[in-house]
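The values are calculated or read from the model by the stated rules, or taken from the named source; none is laboratory data. Only a predicted model underlies this, so the values are computations on that prediction, with no experimental measurement involved. Because the Cβ atoms are built from the backbone with ideal geometry, glycine has one as well, and the counts that use them run over all protein chains shown. Accessible surface is based on the protein model in full, side chains and every heavy atom, while ligands, DNA and RNA are left aside. Shrake-Rupley method; radii C 1.70, N 1.55, O 1.52, S 1.80 Å.
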Amino acid sequence: MSASRGEFSSRFGFIMAAAGSAVGLGNIWGFPTQTASNGGAAFVLAYLVLAFCLAYPALMAELVVGRYGQANAVSSLKKISKHKWQHPLAFLVGFGGIICAGLILSFYAIVAGWMISYTVEPVAQLVGAQEAASWITGQSLTRNLLFAGGFILLTVLIISKGVENGIEKWSKRLMPALLGILFALIAYVFSQDGASEGLRNYLLPDFSAIFEPSLLVSALGQAFFSLSLGTSVMIIYGSYISKSENLVTLGASVTLIDVFIAFVAGLLIIPAMYVAQEQGVQIFDEAGKLLSEDTLVFQVLPALFDSMGSAGLYVGFAFFALMSIAALTSSISMLEAPVSYTVEKFGMDRKPATWTIGALIGAVSTVILLNFEQLFGFVIALTTRFGQPLLGLMCCVFVGWIWHRSSLLKEIEQGNPDAASGWFWKIWPWYIKFVCPIAISLVFINSLR
Ligand code: TRP
C-alpha cells in the first residue's frame, strides 16, 4: 500500500497545506467575531497564550503520530498502542475524528456556500443582473443547496487529485492569494474614517475580563477549531511529511501562520466595523455589545460595502473571495481524513472514494439544511464543543501515556537529530502528559456549565 501513498513534495508545500487547513472561516470570521463579543483585546491575549501553550503541543502530538504511523488516523494510533486492548480505543479516537471531520465539513460547506454566493453577487450586480443578485443573497433553500453543493464539488475535485497534485498544488496557489487580498483590504479599510477607533478597541485589553471562565472556554475552543485539532486531520497531514523534515519547527510554523492570520483578520474586521459605524451602520446591539457572528458578516459588512458606492462592489467581491478561498483550503483537509481512511482500509481507488464520501457529506448537508433550526447549531456544538476537545485530549493521552517514550523520541529525532538535547524535548513530553490533558479537561468541564 505504501507505494501508492502520497507525500508533500516540499517543506513549503506542507506548510501551505497545513496552514491552509488551519486558516479558514475560523480565523477570518470566527476569531474577529469572538473577539468582538468577548471584550476585544482581552480575548486576543487569551487566545495567543492558549494557542501557543495548549494548541501547539496538541498539534505536535497529532503530527508526530501521523508521521510515525505513515497511515490514516486509525492505523497510526493502533501502531503506537503497546497492548492489544488499546486497539479499540485507537479505533474510537481515530474513527471518531474522521466522523467529526466529515460532520464539520457538512456544516462548513453550508457556511462556505453563503460566502461563495456573496462573492458572486457583486459580479451579478456589475453585469446588471439585479434580480439574480438579490436571489443569490436571499436565504432560500434552493440557493443554499446549490451553493453548498457547489462548494463540496470544488472540494471533491481537488481531493480526487491526491496529495501532491491536489492538496499541495492548490494550497500553494490559494494561500498567497489569500494573503494578498487580506492585506489589500486592510490597506483600504485603514484609509477610511473610523478605523483608528476600531484599532484601539482591538488592541487595548481590558485586563479584568481575561480570567473569565467563559472567555477562556471560547478562546481554547477557538484555538482547537482553528488548528483543526481533534479530528485526525493533522494526523493524516503528518503522515504525508517526509522523514527528513524537522517536525518541531514545521508545527511551530503552522501555528505561527495560523495565529498571525487570525490576528491580521482582526485588524481588518474590527476596524471595518467602526468604519461602518462612521457611515451610519448600526454596529452595537441594544445591550451595547458589538454585533457579531452572522449579523456582522452578512449585514454590517455588506452595509458598509453598499455605502462605498461602486468601489464597494469590488471591495465586497474581494472580501467574500477571501472568505471562500480560506474555506476551501480548510475543507480539503476535512475531506482528506475520511478519504484517506477509505482508500487505505478498503483498498478503494482515490477517485471513487472521494466522490462517494463527497456525496455522503452532501447528503448530510442537505439533511441539515432541511432541518436547519434543529440541526445546524446542534451539529456545530456536537463537533466543536464536544468532539474536538475530547478527541484532542485522547490524542494527548495516547502520545503522553501509551506511546513508548524512546520510540516517540526516535520519531522526533528524524529530521531533527539534536532533538534529545533541545528545549522542545525537555518541556513537551510533560506537557502532553499532564498539562494539556488537565487544562483541556478543565476547560471542557467549564464549557458544560
Ligand atoms: N481550521 C479551520 C478554520 O479555522 C477549520 C478546519 C479545517 C477544521 N479542518 C478542520 C476544523 C478540521 C476542525 C477540524 O476554519
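Screening the candidates Phe91, Phe95 for the property of being of a type in the set (Phe, Trp, Tyr) and either within 16 Å of the ligand (Cβ to nearest atom) or open to solvent by less than 30 Å² (accessible area, probe 1.4 Å) (or both) yields one hit, Phe95. Looking at Leu141, Leu103, Leu145, Leu126 in this structure, which one is within 16 Å of the ligand (Cβ to nearest atom) and open to solvent by 10 Å² or more (accessible area, probe 1.4 Å)? After applying the criteria, what remains is Leu103.
Restricting attention to region 25-38 and to residues that are more than 16 Å from the ligand (Cβ to nearest atom) and of a type in the set (S, T, N, Q), the residue that is modelled with the lowest pLDDT turns out to be Ser37. The set of residues in region 243-259 that are outside any helix (DSSP H, G or I) and under 20 Å from Met175 (Cβ atoms) contains only Glu245. Filtering region 314-331 to residues that are more than 9 Å from the ligand (Cβ to nearest atom), out of contact with any Phe, Trp or Tyr (no Cβ under 6 Å at 6 or more places or on another chain) and not polar (S, T, N, Q) leaves Tyr314, Phe317, Ala318, Phe319, Ala321, Leu322, Met323, Ile325, Leu328. Inspection of region 398-416 finds no residue satisfying the criterion of being within 16 Å of the ligand (Cβ to nearest atom), over 27 Å from Asn165 (Cβ atoms) and open to solvent by 40 Å² or more (accessible area, probe 1.4 Å).
Kindly indicate whether any position in region 246-258 is within 30 Å of Phe14 (Cβ to Cβ), open to solvent by 10 Å² or more (accessible area, probe 1.4 Å) and within 14 Å of the ligand (Cβ to nearest atom). Looking for residues that are within 30 Å of Phe14 (Cβ to Cβ), open to solvent by 10 Å² or more (accessible area, probe 1.4 Å) and within 14 Å of the ligand (Cβ to nearest atom), one finds at least one in region 246-258, hence yes.
Take the conditions (1) surrounded by fewer than 24 Cβ atoms within 10 Å (Cβ to Cβ); (2) within 16 Å of the ligand (Cβ to nearest atom); (3) among the charged types (D, E, K, R); Glu336 misses just one of them, which is (1). Scanning region 1-24 for residues that are open to solvent by 10 Å² or more (accessible area, probe 1.4 Å) and either within 9 Å of the ligand (Cβ to nearest atom) or of a type in the set (Val, Ile, Thr) (or both) yields one hit, Ile15.
One residue alone among Leu328, Leu290, Leu313 is within 25 Å of Ile159 (Cα to Cα) and either more than 23 Å from the chain's Cα centre (by Cα) or open to solvent by 10 Å² or more (accessible area, probe 1.4 Å) (or both), and that residue is Leu328. When Leu268 is tested against (1) within 16 Å of the ligand (Cβ to nearest atom); (2) on the phi < 0 side of the Ramachandran plot; (3) assigned to a loop (DSSP other than H, G, I, E, B), exactly one condition is not met: (3).
Across region 280-318, the number of residues qualifying as free of Cβ contacts under 8 Å to residues at least 40 places away in the same chain and in a loop (DSSP other than H, G, I, E, B) comes to 10.
Would you check if Phe378 is more than 16 Å from the ligand (Cβ to nearest atom), open to solvent by 30 Å² or more (accessible area, probe 1.4 Å), modelled with pLDDT of 95 or more and within 28 Å of Arg143 (Cβ to Cβ)? Judged against the criteria, Phe378 is a match.
The set of residues in region 417-426 being surrounded by fewer than 12 Cβ atoms within 10 Å (Cβ to Cβ) and assigned to a helix (DSSP H, G or I) consists of Ser421, Trp423, Lys426. In region 177-223, of all residues being over 22 Å from Ala276 (Cα atoms), hydroxyl-bearing (Ser, Thr, Tyr) and away from the ligand (no atom under 16 Å from the Cβ), the one that is surrounded by the most Cβ atoms within 10 Å (Cβ to Cβ) corresponds to Ser214. Collect the residues in region 224-242 that are in contact with a helix residue (DSSP H, G or I) (Cβ under 7 Å, 6 or more places away or on another chain), more than 10 Å from the ligand (Cβ to nearest atom) and open to solvent by 10 Å² or more (accessible area, probe 1.4 Å), keeping them in residue-number order. Listed by number, the list is empty, since nothing qualifies.
To keep it simple, each residue is scored yes or no on (1) within 23 Å of the chain's Cα centre (by Cα); (2) on the phi < 0 side of the Ramachandran plot; (3) assigned to a loop (DSSP other than H, G, I, E, B).
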position	(1), (2), (3)
Val379	yes, yes, no
Phe386	yes, yes, no
Cys396	yes, yes, no
Gly400	no, yes, no
Gly415	no, no, yes
Trp428	no, yes, no
Ile432	yes, yes, no
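Among the criteria (1) within 16 Å of the ligand (Cβ to nearest atom); (2) closer than 30 Å to Ser140 by Cα; (3) surrounded by fewer than 21 Cβ atoms within 10 Å (Cβ to Cβ), the one Leu48 does not fulfil is (2). Here is the figure for region 361-375: residues that are surrounded by 15 or more Cβ atoms within 10 Å (Cβ to Cβ) and either not in a helix (DSSP H, G or I) or not small (Gly, Ala, Ser) (or both) total 6.
Would you confirm whether any residue within region 355-365 is more than 22 Å from the chain's Cα centre (by Cα), at negative phi and in contact (Cβ under 8 Å) with a residue 40 or more places away in the chain? Yes, the conditions are met somewhere in region 355-365.
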